[in-house]
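Take a look at the structure set out below.
The values are calculated or read from the model by the stated rules, or taken from the named source; none is laboratory data. Because the structure is a prediction, the values reported are computed rather than measured. Backbone-built Cβ (ideal geometry, glycine too); neighbour counts: all protein chains shown. Surface accessibility is based on the protein's heavy atoms, side chains included, excluding ligands, DNA and RNA. Shrake-Rupley method; radii C 1.70, N 1.55, O 1.52, S 1.80 Å.
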Amino acid sequence: MTSSRGAVLRGADQPYVLETVEINAPRPDEVLVRVVATGLCHTELLARKGMFGPKFLPAILGHEGAGVVEQVGSAVTAVVPGDHVVLSFDSCGQCRACARGLPTSCASFELLNLTGTRADGTGSARDADGNPLTSRWFGQSSFSEFALATARNVAKVDKGAPLELLGPLGCGVQTGAGAVLNQLRLAAGESVVIFGVGAVGLSAVLAARLSGAGEIVAVDLSPARRELALDLGATRAVDGADPDLARLLVTQGRFDASLDTTGVGTVMATAVNVLDRPGSCVLLGAGRDTLTVHPTVLSGRSVTYGFEGGSIPSIFIPRLVDLWQRGLFPFDRLIRTYPLAEINQAEADAAAGVAIKPVLLMHDHPSGSWALPRT
Ligand SMILES: [Zn+2]
Ligand SMILES: [Zn+2]
């Protein structure tokens, strides 16, 4: 057992409270990580709203951890103590999708990532009174100084990169960038429209620019986010509230590709309708809405859903780190850091759109935007 300070969410309407929690020793396939920093993702807000069942709370959330391997189980060979790792989503490694190199389509994806337990129903942390906590959120529950992950959901990264920044590569940034680089596979000069430019959509903007895309259109309700999208490489920004949005978007021709991060039914339909033929749409939002289009709309067009940007974390995350180190993928521009003790402020700022991507530092640092020297 390892004692750890963790942020525990006990009720849908309650703030996170810092508590001492006890983390289990790693099983043979598990990895104990000393967490340095963890991003706060939109999915955390959904967990608070009860989207994952009535027995989900109390929970340690957090699924964009980055840290140092502290201890490994007897069967782990991919990492050793002292390695720097980013924690990402978990997968089983046994099913047909995993065997085909498609862990984001793992048959156990929901079981391993969204229930907050291991596949056998157990958790890996208890509170100070010995009561079990939901503690396998995305195979990690990393709003904690220590987190128990598996060999499959840690991605080893270069020790030269600051762990304070890397956590969001495990989910939000990976999702947006992966949708462009792994799924759409934009060719130089192709056009793309991105609906919703929060952390995921802006990561897609960065990846589209990196791909040599021609027209990169960002659609959002927020003037500040539209401004940031233009700064990060979008060629045009459009107000999502414009009543004539679809017509406005296609004035310069239909698009080779589109991305939706909003999950709003009408917006998803627009993302399909503005495509050229051929054209490809990747959906990344997941609310309660469904996509409704007439079947003939899909002639010559493809639509897919992009859990985690279709990535293989152990390959894709080190690649994003390398691109950042080369100055080609400045995702640090999305990040604002907070000490763990300010997690409730970080959550409020994320919900209000004040912070694009909050990152919680497990050890005390002043809050503020992270500034790094550019190479
Ligand atoms: Zn699987
Ligand atoms: Zn996430």
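Just the residues that are of a type in the set (S, T, N, Q) and away from ligand 1 (no atom under 16 Å from the Cβ), please, taken from region 51-103.
Gln71, Ser74, Thr77
Residues being closer than 23 Å to Gln345 by Cα, more than 16 Å from ligand 2 (Cβ to nearest atom) and open to solvent by less than 10 Å² (accessible area, probe 1.4 Å): count how many of those fall in region 44-101.
So the answer is 1.
Are any of the residues in region 221-243 among the β-branched types (Val, Ile, Thr) and more than 26 Å from Lys357 (Cα to Cα)?
No, the conditions are met nowhere in region 221-243.
When the residues of region 156-191 are narrowed to those that are closer than 11 Å to Gly67 by Cα and more than 15 Å from ligand 2 (Cβ to nearest atom), which ends up surrounded by the most Cβ atoms within 10 Å (Cβ to Cβ)?
Checking each candidate, the answer is Leu165.
Search region 46-59 for residues that are under 20 Å from Gly6 (Cα atoms) and pair each with any residue that is among the hydroxyl-bearing types (Ser, Thr, Tyr) when their beta-carbon atoms are under 6 Å apart and the residues are at least 6 apart or on different chains.
Phe56/Thr134; Ala59/Thr134
Can you find even one residue in region 214-229 that is open to solvent by 40 Å² or more (accessible area, probe 1.4 Å), acidic (Asp, Glu), in contact (Cβ under 8 Å) with a residue 24 or more places away in the chain and out of contact with any helix residue (DSSP H, G or I) (no Cβ under 8 Å at 6 or more places or on another chain)?
The answer is no; no qualifying residue exists.
What tally of residues in region 8-30 results from selecting those that are closer than 18 Å to Asn131 by Cβ and in a strand (DSSP E or B)?
9
Restricting to region 102-118, give me the number of residues that are open to solvent by less than 70 Å² (accessible area, probe 1.4 Å), in contact with a Cys (Cβ under 7 Å, 6 or more places away or on another chain) and of a type in the set (Gly, Ala, Ser).
1
Working only within region 119-132, note down all residues that are away from ligand 1 (no atom under 16 Å from the Cβ) and surrounded by fewer than 24 Cβ atoms within 10 Å (Cβ to Cβ).
Gly121, Thr122, Gly123, Arg126, Asp127, Ala128, Asp129, Gly130, Asn131, Pro132
Checking Ser299 against (1) assigned by TED's automatic domain parsing to the domain that holds Val197; (2) open to solvent by 10 Å² or more (accessible area, probe 1.4 Å); (3) in contact with a strand residue (DSSP E or B) (Cβ under 8 Å, 6 or more places away or on another chain); (4) in contact (Cβ under 8 Å) with a residue 24 or more places away in the chain: exactly one of these is not met. Which one?
All conditions pass for Ser299, except number (4).
Just to be sure before I move on: is Gly253 within 20 Å of Gly327 (Cβ to Cβ), open to solvent by less than 40 Å² (accessible area, probe 1.4 Å) and over 23 Å from the mean Cα position of the chain (by Cα) in the structure I sent?
So Gly253 fails the test.
Return only the number of the condition from (1) more than 16 Å from ligand 1 (Cβ to nearest atom); (2) at pLDDT 95 or above; (3) under 16 Å from Ser141 (Cβ atoms) that Glu44 does not satisfy.
(2)
Of the conditions (1) under 17 Å from the mean Cα position of the chain (by Cα); (2) more than 26 Å from Asp158 (Cβ to Cβ); (3) modelled with pLDDT of 95 or more, Gly62 fails just one. Which one is it?
Exception for Gly62: condition (2).
Any residue in region 260-268 that is closer than 27 Å to Phe329 by Cα and either small (Gly, Ala, Ser) or not assigned by TED's automatic domain parsing to the domain that holds Val297 (or both)?
yes
Just checking, which of Ala348, Ala286, Ala341, Ala355 is without any contact (Cβ under 8 Å) to a residue 24 or more places away in the chain, in a helix (DSSP H, G or I) and either surrounded by 14 or more Cβ atoms within 10 Å (Cβ to Cβ) or within 20 Å of the chain's Cα centre (by Cα) (or both)?
Ala348
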